[in-house]
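Asks: Questions regarding the structure given below will be posed in turn.
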Amino acid sequence: MPASSVTCPFCGLLCDDLVVGLRDGRARVEAAGCARAVALFPAPPQGQARVDGSPATWPQAARAAATLLAQARQPLIAGLGCDIAGQRAAVMLAERVDAALDPMDSTAQQRNPFPFQDSGWMSTTLSELRNRADVVVLAGTLGAYQPRLVERCLAPTLSSPFGELHRRIIAIGSALLRPAAWPAGADLANIIDLPNLHLAEAFGLLRARLAGQRLDATALHGVALERFDALLETMHSARYGVLIWSAAELDFPHADLAVRAMAELVRELNTRTRWSVLPLGGGDGGTSAAQVCTWLAGYPPRLRFVNGMAQSDPLQRGADTLLAAGEADALLWISAFDPARTPPPARCPRIVLGRADLRLDPAPDVFIPVAVPGVQAPGMLSRMDQVVTLPLMAPAPADLPTVAEVLARITQELGHAAAA
Ligand code: SF4
């Protein structure tokens, strides 16, 4: 009997309507999942722990991992692709061994906090987007990393709890906006094709026009000024507007300036009508990692513990930066969701906690296969809009330890390693 209303853990949307069956010990999506969910739910039910390439039990591997961490002076715990219990255990271990902590998508996610810390922003939720937004502007994204965003939240017409909704959707950004992915009935005339690199200028221009500034230019990077004026007019006419971007898709230097321009435009539009922002993201447990680090350490990632005290340094504590500079002498990488999210290259000893089919080449010093949260073990994850934490089921229970169990064992073994 397949399980229904299963929450999918494989992107920040956390769709909670999947139907998942069980075949040959592996979970199979039978209804409602996207291609990503269909590909990732059938995780292998078994895996082999290894130390220096040789088979070991997972407790033996945990002991070897503890020895490597005890010998390190500046360990790095990175990836953090797991559920909230695993991330809590990771923060506790980092405090114990004075490690740096860095989630796998922090480079992209760091584009949001600077504008938010400087001036804040008015944000909304996925539910409000779905049920209230009558004008939606997609800036540089069509939800490439959230495959069911359009289906779940952007239907052009909707009978919502607040009445009949007719939605206008406008896209501004590079040609990654694929018309085939548009919801039927969406207003395709309103695509402003502009490289994402120029989004800061585009939203700066919109702010200037909103403030009544006259501009001598007639176009911005080939897009006539009238197009921007038409966009502004549509934004003005909204009863509940939502501006969406995806930090992962703003992959150019100083992208935080584009985020800042968008957030400021929304703030200024709110003097006349109601607008909110909705940043997309949060895959591989990213939203949960940010929240757990903040709850337990007082800072969001990136951070480091020194003498048991947390220090925040988002510009210097990135895993890539630390590894390239030789400032980490042991890496513990956690990736329990996606077999393609492999550890970065490192010259130091590598310990990997990952789903059994994680692609590892070269092999790490220690590998411990773990249960996939939401597939093989229950758990909890925070949705990307940060307003709900959803329970995860285990439609295909497996005889694999959870990330939290392995990290607790490593922490326990640290005492033995120090005494040895
Ligand atoms: S859109 Fe995301 S959460 Fe929804 S089914 Fe696909 S991968 Fe899972």
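The values are calculated or read from the model by the stated rules, or taken from the named source; none is laboratory data. Everything quoted here is computed from the prediction, not taken from an experiment. Cβ placement follows ideal geometry from the backbone for every residue including glycine, while neighbour counts extend to all protein chains displayed.
Asks: Across the range 17-59, what is the total count of residues that are crowded, with 16+ Cβ neighbours inside 10 Å and within 16 Å of the ligand (Cβ to nearest atom)?
Replies: 17
Asks: Hey, another quick one. All but one of (1) buried (at least 21 other Cβ atoms within 10 Å of the Cβ); (2) free of Cβ contacts under 8 Å to residues at least 40 places away in the same chain; (3) not in a strand (DSSP E or B) hold for VAL352, so report the exception by its number.
Replies: All conditions pass for VAL352, except number (3).
Asks: For the range 139-150, enumerate the residues that are within 16 Å of the ligand (Cβ to nearest atom) and in contact (Cβ under 8 Å) with a residue 60 or more places away in the chain. Show your work before the answer.
Replies: Of all residues in the range 139-150, those within 16 Å of the ligand (Cβ to nearest atom) come to 141-150.
Once the filter is applied, which keeps residues that are within 16 Å of the ligand (Cβ to nearest atom) and in contact (Cβ under 8 Å) with a residue 60 or more places away in the chain, the range 139-150 yields THR141, GLY143, ALA144, TYR145, GLN146, PRO147, ARG148, LEU149.
Asks: Here's a follow-up. Which condition does LEU322 not pass, out of (1) more than 25 Å from ALA65 (Cα to Cα); (2) crowded, with 17+ Cβ neighbours inside 10 Å; (3) over 14 Å from the mean Cα position of the chain (by Cα), if it passes all the others?
Replies: Unmet for LEU322, out of (1) more than 25 Å from ALA65 (Cα to Cα); (2) crowded, with 17+ Cβ neighbours inside 10 Å; (3) over 14 Å from the mean Cα position of the chain (by Cα): (1).
Asks: What helices (runs of 4 or more DSSP H) lie completely within the range 189-292 and have 3 or more residues being over 19 Å from SER123 (Cβ atoms)?
Replies: Working: elements: 199-210, 225-236, 255-269.
Hits in the range 189-292: 199-210, 225-236.
Asks: Can you go through ALA144, ALA155 and tell me which one is farther than 30 Å from ALA70 by Cα, more than 20 Å from the chain's Cα centre (by Cα) and not in a helix (DSSP H, G or I)?
Replies: Values: ALA144 fails: more than 20 Å from the chain's Cα centre (by Cα).
It is ALA155.
Asks: Show me the strands (runs of 3 or more DSSP E) found entirely inside the range 43-109 where at least 2 residues are free of Cβ contacts under 8 Å to residues at least 40 places away in the same chain. Working first, answer last.
Replies: Working: elements: 49-51, 54-56, 75-81, 100-103.
Per the criteria, 54-56.
Asks: Next up: Identify the residue in the range 119-137 that is within 22 Å of the chain's Cα centre (by Cα) and away from the ligand (no atom under 16 Å from the Cβ) and, among all such residues, is modelled with the lowest pLDDT.
Replies: Applying the first criterion (within 22 Å of the chain's Cα centre (by Cα)) to the range 119-137 yields 120-130, 136-137.
The next check asks that each one be away from the ligand (no atom under 16 Å from the Cβ); those that pass are 120-124, 128, 136-137.
Numbers: GLY120: 87, TRP121: 93, MET122: 93, SER123: 96, THR124: 97, GLU128: 96, VAL136: 94, VAL137: 94.
Restricting to residues being within 22 Å of the chain's Cα centre (by Cα) and away from the ligand (no atom under 16 Å from the Cβ), the top hit is GLY120.
Asks: Next question, about the same structure. Scan the range 3-31 for residues that are at positive phi and within 21 Å of the chain's Cα centre (by Cα) and jot them down. Break it down stepwise before answering.
Replies: Of the range 3-31, the ones at positive phi are 5, 14, 24-25.
Answer for the range 3-31, where residues must be at positive phi and within 21 Å of the chain's Cα centre (by Cα): just LEU14.
Asks: Can you find, within the range 293-313, the residue that is farthest from ALA336 (Cα to Cα) among those that are part of a helix (DSSP H, G or I) and touching a strand residue (DSSP E or B) at 6+ places or on another chain (Cβ under 8 Å)? I'd like the intermediate steps shown before the answer.
Replies: If we filter the range 293-313 for residues that are part of a helix (DSSP H, G or I), which is where we start, we get 293-297.
With touching a strand residue (DSSP E or B) at 6+ places or on another chain (Cβ under 8 Å) added as a condition, the list becomes 293, 297.
Numbers: CYS293: 18, ALA297: 23 Å.
Per the criteria, the residue is ALA297.
Asks: Next question. Being more than 9 Å from the ligand (Cβ to nearest atom) and part of a loop (DSSP other than H, G, I, E, B) is the filter here; which residues of the range 1-16 pass it?
Replies: Here is the first cut: in the range 1-16, the ones more than 9 Å from the ligand (Cβ to nearest atom) are 1-6.
MET1, PRO2, listed by residue number.
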